[in-house]
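The values are calculated or read from the model by the stated rules, or taken from the named source; none is laboratory data. Computed from a prediction, not measured in an experiment: that's the story for all the values here. Here the Cβ positions follow ideal geometry from the backbone for every residue, glycine too, while neighbour counts run over all protein chains shown. SASA here: full protein model, heavy atoms, side chains in, ligands and nucleic acids out. Shrake-Rupley method; radii C 1.70, N 1.55, O 1.52, S 1.80 Å.
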Amino acid sequence: MIGIALGVWALIVVLSVMNGFVSQVRDRMLSVVSHVEVFASNGALSDWRAVEQTVRRNPAVIGAAPYINAQALLTRGESVRGALVRGIDPAAEPAISDIASQLRGAPLTALADGEFGVILGGELARALGALPGDKIALIAPQGQVTPAGVIPRLKQFTVVGTFEIGMYEYDSSLALVHLEDAQRLYQLGGAVSGVRLKLDDLFASRAVARDLMASLAPDVFASDWTRSHANFFRAVEIEKRVMFIILTLIVAVAAFNIVSTLVMLVTDKQADIAILRTLGAAPGSILQIFVVQGVMIGVIGTLIGVVGGVLLGWNVDTVVPAIENSLGFKFLAKDVYYISDLPSDVQLRDVLTIGLVSLGMSLLATLYPSWRAARVNPAEALRYE
């Protein structure tokens with residue numbers, strides 16, 4: 001029972017943590033990554049207003065906003081960091097992302113046209129040593145032709161705030177500026193990199209992107225979030241399946257212990273089985289006795305494991321910090337992992353699957369010992385009694 005309980009407990013906790021990890025990463029990622037992006041093949045979408053009107057006709061689209069993506073170097077004093085500069089429309093951005101709720105120090109409307117303000121990721125701001133109100137220099141990689149040669153364009157920006165998404169990848173590299181400031185800096189004129197969309201169902205993004213492609217010009221493409229981060233989510237799904245198989249071996253070992261326990265019990269109780277047979281018990285009745293005993297071991301062990309696994313799965317966010325505080329170190333360093341805490345999402349489907357697999361193995365484990373018990377010959381068993 002303890003072996004089965006431990007196996008079921010471990011399976012539920014591990015799969016719940018992996019579910020929670022995927023859910024947290026997806027939610028945090030989608031706070032800065034749109035459900036669908038529409039962009040031109042040459043990187044500059046000039047007629048983006050017409051494209052926006054076209055995509056808004058799709059009933060699944062509930063928000064749309066233009067954006068500019070570009071690379072830059074940010075410097076302050078002797079600190080230099082590479083960054084992804086994103087030009088946004090502060091009025092339209094809340095309709096397609098949740099980044100406004102992650103801001104510190106100032107709202108999105110602090111990014112005013114012509115004032116060259118910037119909102120930095122928290123880790124990026126700390127790396128530069130920049131606080132709200134400080135000046136930083138933004139160096140664009142596109143060159144500017146002068147009599148002295150081609151030199152990179154440089155513009156001074158004022159830090160108006162920071163944001164903390166909880167994903168080191170974005171907190172350490174993303175800088176937000178006003179859309180028109182980005183157009184001036186990167187000499188795009190009235191063009192943008194593309195249009196970002198928010199859907200009423202994020203899991204329908206692939207189908208919606210495919211539908212939008214049919215209504216857009218041949219040189220305009222649509223890409224959804226599952227495609228842009230496909231490798232990550234595919235790797236997590238494979239890891240989840242592998243972990244399920246590996247941890248199921250714990251339950252398999254416990255089920256094998258049921259076989260050995262019942263075989264020893266049948267050997268020890270051969271005389272009692274023979275007496276029952278001589279009193280008129282049918283082989284099927286003897287088989288049922290041992291099947292019931294083995295199944296009861298599996299049922300009780302599975303129930304203990306399910307209850308323990310679900311309780312721990314619901315309280316991982318409390319138990320793990322307590323262990324970290326007592327041991328004095330952190331399991332998930334935020335500069336290594338996508339998220340720095342250990343989330344958990346107990347899903348009924350996983351619990352039912354694990355419970356049924358455990359009960360199935362327990363039932364299979366009882367068949368051979370029960371079959372041996374039903375084949376006991378009363379005369380042979382009682383010969384030396």
- Message: Per residue, how much accessible surface does the chain expose to a 1.4 Å probe? Answer in Å², no decimals.
- Response: 50
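Give the peptides 90-102, 316-328 in descending order of average Cβ contacts within 10 Å, highest first. List each step's numbers first, then the result.
Numbers: 90-102: 17.5, 316-328: 11.9.
Answer by packing, highest mean first, reads 90-102, 316-328.
Using helices alone, what [θ] at 222 nm do you get for the chain, with -39,500 (n - 2.57) per DSSP H run of 4 or more residues, divided over all residues and rounded to the nearest 500?
Details: 13 runs with 194 residues, N = 385.
Using -39500 (n - 2.57) per qualifying helix, the result is -16500 deg cm²/dmol.
Compute the length gained on full extension between ARG56 and ARG206: take 0.36 nm times their separation in residues and subtract their Cα-Cα distance, giving the result in nm to one decimal. Can you show the working numbers first?
Values: separation 150, 0.36 × 150 = 54.00 nm, distance 1.63 nm.
Stretched fully, the ARG56-ARG206 segment lengthens by 52.4 nm.
Please report the carbon-and-sulfur percent of the accessible area for the chain; probe 1.4 Å, protein heavy atoms only, DNA, RNA and ligands left out. It would help to have the intermediate numbers written out before the result.
Values: 11700 of 19380 Å².
Accessible surface attributable to carbon and sulfur in the chain totals 60 percent.
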- Task: Could you give the DSSP H helices of the chain that reach 27 angstrom or more along their long axis (alpha carbon positions) and whose average Kyte-Doolittle hydropathy is no lower than 0.5?
- Result: 2-30, 230-268, 283-314, 348-374
- Task: Find me the longest stretch of the chain that has none of the exposed chymotrypsin sites (Phe, Trp or Tyr not before Pro), where exposed means in a DSSP loop (not H, G, I, E or B) with at most 14 other Cβ atoms within 10 Å.
- Result: 1-328
- Quick calc: nm separation of the 7 Å Cα→Cβ label points for ASN325 and VAL242 -> 3.5
- For segment 202-329: Kirkwood Rh in Å [reciprocal of mean 1/r, alpha carbons]: 21.0
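Show me the ranking of peptides 192-200, 277-285 by mean Cβ neighbours inside 10 Å, starting with the highest.
Top to bottom by mean Cβ count within 10 Å: 192-200, 277-285.
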- Note on the structure: Scalar couplings 3J(HN,Hα) for segment 124-137 by Karplus 6.51 cos²θ - 1.76 cosθ + 1.60 (θ = phi - 60°), nearest whole Hz, x for Gly and Pro, are 5, 5, 5, 5, 8, x, 9, 10, x, x, 6, 9, 10, 9
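Under the Kirkwood approximation applied to all pairs of distinct alpha-carbon atoms, what is the hydrodynamic radius of segment 1-97 in Å?
On the way: mean 1/r = 0.0569 Å⁻¹.
After inverting the mean inverse Cα-Cα distance, the result is 17.6 Å.
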- What Kirkwood hydrodynamic radius do you get for segment 243-298 when you take the inverse of the mean 1/r over all pairs of distinct Cα atoms, in Å? 12.8
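Full-extension gain between ASP47 and ALA230, please, as 0.36 nm times their residue separation minus the C-alpha to C-alpha distance.
Values: separation 183, 0.36 × 183 = 65.88 nm, distance 2.92 nm.
Extra length available between ASP47 and ALA230 comes to 63.0 nm.
Report D for the chain in µm² per second (integer): Stokes-Einstein, Kirkwood Rh on Cα pairs, 37 °C, 0.692 mPa s. Working shown, then result.
On the way: Rh = 25.5 Å.
My calculation gives 129 µm²/s for D.
Which FRET efficiency value, to the nearest 0.05, do you get for GLN347 and ALA214 by plugging their Cβ-Cβ distance into 1/(1 + (r/R0)^6) with R0 = 30 Å? Please list the in-between numbers first.
Numbers: r = 35 Å, r/R0 = 1.17.
Using R0 = 30 Å, I get an efficiency of 0.30.
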- Task: Could you calculate the contour length gain from THR158 to ALA281, that is, 0.36 nm times the residue separation minus the distance between their Cα atoms, to one decimal place in nm?
- Result: 35.2 nm
